[in-house]
Amino acid sequence: MPTCRFCATHLQDIVADLGTSPLSNAYIPPDKAAAMEPFFPLVVWFCRECGLVQLEEFATPGEIFSQYDYFSSYSDSWLRHARDYARLMTSRYGIGQNSQVVEVASNDGYLLQYFIEQGVKALGIEPAANVADAARARGVPTETAFFGKATAEDLVRRGFAADLALGNNVLAHVPDINDFVAGFAALLKPTGIMTVEFPHLLNLVKGLQFDTIYHEHFSYLSLHTVQRIFRTHGLTVFDVQELPTHGGSLRVFACPEQAGRNMEKTGEALLQRERDAGLDTFAGFASFAGAVEELKYGFLEFLIRAKRTGKHVAAYGAAAKGNTLLNYAGVRRDLVSMVADRSPAKQGKFLPGSRIPVVSPEELLAARPDYVLILPWNLREEVMEQLAAVREWGGRFVTAVPRVEEWA
Ligand SMILES: [Zn+2]
């Protein structure tokens with residue numbers, strides 16, 4: 001029986017079993033098309049003791065992150081989000097030219113560039129070597145490392161103790177969540193603050209966002225579980241913001257316990273909403289698995305009907321979400337001919353598992369599909385704007401989560 005990655009309790013309750021699928025970021029280059037592809041079980045568990053919803057550990061982070069093709073700078077809405085964050089932290093928390101900012105999992109430097117612009121000292125920590133190279137190339141100081149307590153203590157010894165430490169969309173992606181949070185506690189100055197962002201478990205459950213479940217995403221976090229994990233490592237959660245990113249995320253603010261801050265009212269209200277939804281017990285998850293199965297049947301019905309009536313379905317957005325949906329539903333090229341993506345790093349490759357070819361948006365438009373299935377449903381409006389030309393031949397936009405919907 002697996003054990004909880006935070007509190008080591010034996011896990012007994014399954015939230016969802018999505019079968020087996022390849023690692024969602026393991027895009028296949030043409031020269032590997034004839035090679036075998038490893039599939040891993042994708043099962044989500046609930047911990048009765050601490051409430052952490054999580055995957056069982058199955059592969060080393062080295063396998064997962066050594067070549068990571070997701071360069072966040074390709075999304076306009078992400079860049080806006082990053083710029084707004086930098087402004088908030090400088091105006092509300094006085095982060096300025098004498099401050100040290102450290103971002104964990106800093107990607108290609110898309111966020112830190114907005115601090116550097118204002119003369120703030122910034123350092124990125126990024127585990128994927130090719131992504132860290134891209135950050136340095138744009139002038140963002142970046143170290144190639146996995147973050148944890150040892151890395152943090154080394155940074156402090158070298159003069160990088162942080163006034164602001166942050167990690168966006170990484171807390172949920174670390175296998176050893178205890179070592180990771182201990183790292184933040186070690187990195188912060190006594191007066192320092194930290195923020196982390198992660199997709200909110202409440203939205204996963206309410207919006208049936210099962211496609212945010214994939215192997216690189218180890219933990220599915222609620223505020224009450226994060227608060228408990230942080231407290232264990234001497235960190236106090238003092239505020240929280242709800243964000244629209246990734247279908248509904250939380251930005252949690254925390255500081256060393258000795259700073260003596262208390263939780264703001266907004267945080268208390270959110271904790272109550274989580275209890276109301278039953279997230280602190282298994283009750284909140286009891287109907288999830290059945291609803292996910294229904295979603296799959298509806299999605300397949302749509303694709304088969306399109307196929308039988310001679311309609312051409314192409315997809316947009318070669319990201320983890322889409323791979324979970326396509327592999328869970330067993331979709332292959334006969335039902336979805338291609339997937340377009342703006343990232344040149346993915347074009348010319350094949351989606352893991354489904355082996356659907358990744359093309360440029362121009363190639364998708366040239367194929368004049370009847371339906372464009374938008375896989376990253378959270379970016380629907382942005383994608384519909386980019387691909388407005390689809391309407392010229394009467395093409396329609398479709399999303400599949402939480403159910404198949406067509407958009408004019
Ligand atoms: Zn636990």
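Read the figures in this text as sums done on the coordinates, not as results from a lab. Given the structure is predicted, the values throughout are model-derived calculations rather than measurements. Using ideal geometry, Cβ is built from the backbone for each residue, glycine included, and neighbour counts are taken over all protein chains shown.
Any idea how many residues of segment 172-217 are among the acidic types (Asp, Glu) and assigned to a helix (DSSP H, G or I)? Before the answer, list the steps.
Quick first cut of segment 172-217, residues among the acidic types (Asp, Glu) only: 176, 179, 197, 211, 216.
Among the residues that remain, those that are also assigned to a helix (DSSP H, G or I) are: 179, 211.
So the answer is 2.
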Would you pick out the residues in segment 218-269 that are hydroxyl-bearing (Ser, Thr, Tyr), assigned to a strand (DSSP E or B) and closer than 20 Å to residue 149 by Cα? 219, 236
Go through segment 21-47 and give me each residue that's within 16 Å of the ligand (Cβ to nearest atom) and surrounded by fewer than 16 Cβ atoms within 10 Å (Cβ to Cβ). none
Scanning for something in contact (Cβ under 8 Å) with a residue 24 or more places away in the chain and under 21 Å from the mean Cα position of the chain (by Cα), does segment 299-316 turn up at least one residue? yes
If we only count helices (runs of 4 or more DSSP H) wholly inside segment 317-408, which ones have 2 or more residues that are under 19 Å from the mean Cα position of the chain (by Cα)? 320-329, 380-386
Unique residue being surrounded by 14 or more Cβ atoms within 10 Å (Cβ to Cβ) and within 23 Å of residue 27 (Cα to Cα) when the list is 398, 390, 339: 339
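Kindly evaluate residue 18 against the criterion of being touching a Leu at 6+ places or on another chain (Cβ under 9 Å), more than 13 Å from the ligand (Cβ to nearest atom) and closer than 21 Å to residue 351 by Cα.
yes
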I'm checking my understanding of the structure. Among residues of segment 107-146 that are closer than 17 Å to residue 189 by Cβ and outside any strand (DSSP E or B), which one is farthest from the chain's Cα centre (by Cα)? 120
